Amino acid sequence: MTARTVVDDNIGTIAAWHDRVVKANHERAMNNNTTTHTTARQRFIQNLAESELFQHYQKAFHTLTSLPLNLESVGEDVHIDHVATRTGVAGVVETHVPVRVGKNTIAVMLTGGVRLQPANADTFAPVAKALLDEGRSAAEVRSAKVQFEHVPVMQPERYDAAIAILQSFALQLGESAHRLLFANATHEPEAVRNAKAFIHQHLAEPMSLEAVARAVNVSPFHFCKLFKRATGLTFTDFVNRARVEKAKRMLMKPAARITEVAYDVGFQSLSHFNRSFRRIADESPTEFRSRMKNGAPALLAA
């Protein structure tokens with residue numbers, strides 16, 4: 001059975017989870033009209049949520065499990081390393097599955113809205129008590145009981161299986177997010193798009209922020225702020241990630257030596273390459289090559 005982190009948490013009324021999903025969808029629609037007020041990470045996750053890959057999987061997941069699935073951005077200061085399932089007073093569960101690029105969680109997939117226990121007097125008792133403690137009337141308690149009995153129920157084993165499927169998809173989505181990160185996006189400033197193109201064309205060469213800023217006709221100070229705001233990454237981190245991404249493709253060739261790959265993608269030393277690769281990919285170049293050779297997917301930390 002898939003391990004779940006269960007935290008008692010009063011999510012609110014029985015319909016609160018569904019209300020939250022509706023609100024999230026509304027906010028996403030509003031954000032499409034107010035992109036200037038969203039962060040680079042939020043815009044990036046919006047693009048990922050609207051990608052063909054996520055849209056196709058979202059539909060297939062709902063068809064298979066009848067569960068909803070949404071993708072939400074997380075703040076840069078929020079650290080979600082594990083799958084987390086919360087259970088509200090009504091017994092309704094919601095689960096967050098982290099989506100990571102390297103070691104960084106950039107988003108969570110949100111699902112749930114079901115109970116894992118059938119509706120009966122024992123499971124409704126905590127809800128009735130909470131409502132009475134809030135001073136609700138008997139009529140309101142009866143109305144809540146009707147709602148309670150209409151909340152979908154799923155067997156715990158089936159729910160665990162659904163979450164396990166999401167964990168596998170999180171890996172694929174993280175890889176897609178990594179590729180999307182380096183692609184030019186139409187919403188990005190022209191200077192950032194030109195800088196990305198310049199970086200990719202000159203990866204094997206020594207590269208400084210000042211040189212790239214000069215190439216796109218922007219002052220280094222302004223470029224530093226503009227690039228971080230648009231990509232969510234510092235210039236140095238972006239360059240290192242781009243180099244590691246290229247190194248991954250080169251390491252797929254059996255004849256390519258790791259030392260040669262390190263220098264061919266622009267790292268000035270093998271030790272720097274190994275440190276950067278492990279920090280970004282969460283594995284060494286040797287481990288990556290071995291995993292690709294054996295056809296084994298990377299695993300989310302449990």
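The values are calculated or read from the model by the stated rules, or taken from the named source; none is laboratory data. These figures come from a predicted structure and were not determined experimentally. Reconstructed Cβ throughout: ideal geometry from the backbone, glycine too, with neighbour counts over all protein chains shown.
Evaluate the range 143-152: report whether one residue or more is of a type in the set (A, V, I, L, M), surrounded by 14 or more Cβ atoms within 10 Å (Cβ to Cβ) and in the same structural domain as Gly75 (by TED's automatic domain parsing). Step through it out loud before you land on a result.
Narrowing the range 143-152 to residues of a type in the set (A, V, I, L, M): 144, 146, 151.
Remaining after also requiring surrounded by 14 or more Cβ atoms within 10 Å (Cβ to Cβ): 144, 151.
In the following step, the residues that additionally are in the same structural domain as Gly75 (by TED's automatic domain parsing) were identified as 144, 151.
Yes, there is a match, as at least one residue in the range 143-152 is of a type in the set (A, V, I, L, M), surrounded by 14 or more Cβ atoms within 10 Å (Cβ to Cβ) and in the same structural domain as Gly75 (by TED's automatic domain parsing).
Yes or no: the range 118-128 includes at least one residue that is under 29 Å from Val78 (Cβ atoms) and modelled with pLDDT of 85 or more. I'd like the intermediate steps shown before the answer.
Of the residues in the range 118-128, the ones under 29 Å from Val78 (Cβ atoms) are none.
Among the residues of the range 118-128, not one is under 29 Å from Val78 (Cβ atoms) and modelled with pLDDT of 85 or more, which makes the answer no.
Among the numbered criteria (1) assigned by TED's automatic domain parsing to the domain that holds Glu50; (2) assigned to a helix (DSSP H, G or I); (3) not aromatic (Phe, Trp, Tyr), which single criterion is violated by Ala213?
In the conditions (1) assigned by TED's automatic domain parsing to the domain that holds Glu50; (2) assigned to a helix (DSSP H, G or I); (3) not aromatic (Phe, Trp, Tyr), Ala213 misses (1) alone.
So, Ser73, is that one at pLDDT 70 or above, surrounded by 19 or more Cβ atoms within 10 Å (Cβ to Cβ) and within 25 Å of Pro189 (Cβ to Cβ) or not? Don't jump to the end; show me each part of the working.
Working: at pLDDT 70 or above: yes; surrounded by 19 or more Cβ atoms within 10 Å (Cβ to Cβ): yes; within 25 Å of Pro189 (Cβ to Cβ): yes.
Judged against the criteria, Ser73 is a match.
Identify, by number, the condition in (1) surrounded by fewer than 16 Cβ atoms within 10 Å (Cβ to Cβ); (2) in contact with a Pro (Cβ under 7 Å, 6 or more places away or on another chain) that Phe221 doesn't meet.
(2)
Among the residues of the range 128-179, count how many are within 23 Å of Leu67 (Cβ to Cβ), hydroxyl-bearing (Ser, Thr, Tyr) and out of contact with any helix residue (DSSP H, G or I) (no Cβ under 8 Å at 6 or more places or on another chain).
Qualifying residue count, the range 128-179: 2.
Quick one: Leu233 ticks every box in (1) outside any helix (DSSP H, G or I); (2) over 23 Å from the mean Cα position of the chain (by Cα); (3) of a type outside the set (Asp, Glu); (4) within 24 Å of Leu53 (Cβ to Cβ) bar one, so which box is it?
So Leu233 meets the others, but not (2).
Can you tell me which residue in the range 117-148 is nearest to Gly88 (Cα to Cα), limited to those that are polar (S, T, N, Q) and free of Cβ contacts under 8 Å to residues at least 24 places away in the same chain?
Result: Asn120.
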